[in-house]
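The values are calculated or read from the model by the stated rules, or taken from the named source; none is laboratory data. Treat the numbers as computed from the prediction; the structure is a model and nothing was measured. Neighbour counts run over all protein chains shown; Cβ positions are idealised from the backbone, glycine included. For the accessible areas, the whole protein counts, side chains as well, though only heavy atoms, and no ligand, DNA or RNA atoms are used. Shrake-Rupley method; radii C 1.70, N 1.55, O 1.52, S 1.80 Å.
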Amino acid sequence: MLAGCLFDLDGVLVDTARHHFVAWKRLAEEQLNVSFTHEDNEALKGLSRVESLDYILSKSTTVASAEQKLEWMALKNQWYLNAVQSITPDDLLPGAQALLRSLQDANIPAALGSASKNAPMIIDQLGIGKFLTAIVDGNVVTLSKPHPAVFLKGAELLGIEPPRTVVFEDAQSGVQAAKEGGFYCVGIGRKEDLTGADQVVPDLSFITIEKLNNWLNNN
Ligand code: BG6
Ligand code: MG
């Protein structure tokens, strides 16, 4: 039986992944003079802010001081905040609200497992805090995906065991983190971007509690 669910935020519950993409692409191209492709974006999904900047810097010959790195991260975050300031519950991705509600109705706990330090603000704007028993984000956990810490902490806070817990992830690093932690992982997006996920669906509207229980039972 399903014990609980852990949700990544960006790209799973809300379409903020594209705002991260646009802001990092702008930083890469305007400030560092390096290209930023779809593959680069897939590699960055799920990583922390500083790891994302380090990844982009590794594509350039620029040697940056600690102060310069802080400035670039602040600039990227400002662009990101400008883009997400008008997010409302209407921006929840298909099926997100319905699944969170059905989990709550069935007394199956849910938590957030995100690398983002902006997660609490976005959760507030989306009005989904009432569905989440715990929020584990980039302010709480410093070891980021593919390390399983964010999900292990979530399961610990919910008092549940990984094998009966489903993690929803849109990032390859997040799928790796979930599998490393011993969780059942449902990828959100395209199979070719999510190697190792137990199942992959286009969005959460394809998920019901019954389906999750069937998958866990046949695992
Ligand atoms: C993750 C996103 O959820 O959070 C990444 O997938 C993002 O793209 C990371 O860089 C950190 O987010 P923030 O909001 O702390 O800069
Ligand atoms: Mg994500």
What number, in nm² with one decimal, is the all-direction average of the projected area of the convex hull of the alpha-carbon atoms of the stretch 13-143?
8.4
Give me the number: length gained by fully extending Asn82 to Arg26, i.e. 0.36 nm times residue separation minus the C-alpha to C-alpha distance, one decimal in nm.
18.8 nm
If I take every Cα pair under 8 Å that is 6 or more residues apart in the chain, average their sequence separation and divide by the length, what percent do I get for the relative contact order?
27
Listed peptides 125-137, 145-157, 204-216 by packing density, highest first (mean Cβ within 10 Å):
145-157, 125-137, 204-216
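With 31 Å as the limit, write out which pairs from Lys25/Lys211; Lys117/Lys191; Lys76/Lys211 have Cα-Cα distances beyond it, or answer none. Provide the component values of the computation, followed by the final result.
Details: Lys25/Lys211 37 Å; Lys117/Lys191 28 Å; Lys76/Lys211 39 Å.
Violating the 31 Å limit, Cα to Cα: Lys25/Lys211; Lys76/Lys211.
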What relative contact order, as a whole-number percentage, does the stretch 17-84 give when Cα pairs under 8 Å and 6 or more residues apart are counted?
42
For peptides 55-65, 191-201, 166-176, sequence by mean Cβ density within 10 Å, most packed first
166-176, 191-201, 55-65
Percent RCO, i.e. relative contact order, over the stretch 128-219, from Cα pairs under 8 Å lying at least 6 residues apart:
20
Please report the spacing between the Cα centers of the stretch 99-121 and the stretch 139-153 in Å, no decimals.
16
In Å and from the alpha-carbon atoms only, list the Rg and Dmax of the stretch 17-84.
10.8, 31
Ranking request for peptides 95-106, 43-54: highest mean number of other beta-carbon atoms within 10 Å first, then the rest in descending order.
43-54, 95-106
CD proxy at 222 nm, helix term only [per DSSP H run n ≥ 4: -39500 (n - 2.57); per residue of the chain; nearest 500]
-12500 deg cm²/dmol
How large a share of the accessible area of the chain, in percent, is made up of carbon and sulfur atoms when the probe is 1.4 Å and the other protein chains stay in place?
50
Report, to the nearest 10°, how far helix 49-58 tilts away from the longest principal axis of the Cα atoms in the chain, using its own Cα long axis and a range of 0 to 90°.
50
What is the magnitude of the charge dipole of the chain about its Cα centre, with +1 placed on the Cβ of each Lys and Arg, -1 on the Cβ of each Asp and Glu, and no other charges, expressed in debye to the nearest 20?
160
Specify which residue in the list Ser173, Val140, Leu194 is farthest towards the positive end of the charge dipole of the chain, using unit charges on the beta carbon of Lys, Arg (+1) and Asp, Glu (-1), about the Cα centre.
Val140
In Å², and per residue, what accessible area does the stretch 17-84 have when probed at 1.4 Å with the other protein chains present?
52
Pairing the Cα long axis of helix 96-105 with the longest principal axis of the chain, what angle in degrees results, from 0 to 90 and rounded to the nearest 10?
40
Within straight-line cross-link reach of Lys153, aspartates and glutamates at Cα separation under 18 Å, skipping those fewer than 8 residues along the same chain:
Asp8, Asp137, Glu161, Glu169, Glu180
Please compute the per residue accessible area over the stretch 131-208 with all protein chains in place, 1.4 Å probe, rounded to a whole number of Å².
42
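State the Kirkwood hydrodynamic radius of the chain in Å, one decimal place, computed from all pairs of distinct Cα atoms. Can you show the working numbers first?
Values: mean 1/r = 0.0570 Å⁻¹.
The Cα-based Kirkwood calculation yields 17.5 Å.
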About its Cα centre, what dipole magnitude does the stretch 17-84 give when the only charges are +1 on Lys and Arg Cβ and -1 on Asp and Glu Cβ, stated in debye to the nearest 20?
180
